[in-house]
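The values are calculated or read from the model by the stated rules, or taken from the named source; none is laboratory data. Because the structure is a prediction, the values reported are computed rather than measured. Positions of Cβ are backbone-derived with ideal geometry, glycine not excepted, and every protein chain shown enters the neighbour counts.
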Amino acid sequence: MPDKTNIEKVAELLKVEFLPPLDPGDAQSLHKALPGYQAIADDTARLAKKHGKTLNPGAYQT
């Protein structure tokens, strides 16, 4: 059995699991919005712009 690396020793000491780094493609996919959330954010922004004066009259001076 090969000797453990320092990071494996620290992980064992802390009782956590050490996982290898993500591939660049996998890491990049974490930057994307989850399905549906982008549409909700877009709808919220549209409604806030449309009804902003009603929601907070002093904040939306046009």
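Looking at (1) of a type in the set (D, E, K, R); (2) under 15 Å from the mean Cα position of the chain (by Cα); (3) surrounded by 10 or more Cβ atoms within 10 Å (Cβ to Cβ), find the lone condition where D43 falls short.
Just one mismatch for D43, condition (2).
From the residues in segment 1-33 that are modelled with pLDDT of 85 or more and polar (S, T, N, Q), which one is surrounded by the fewest Cβ atoms within 10 Å (Cβ to Cβ)?
Only one residue tops the list, namely N6.
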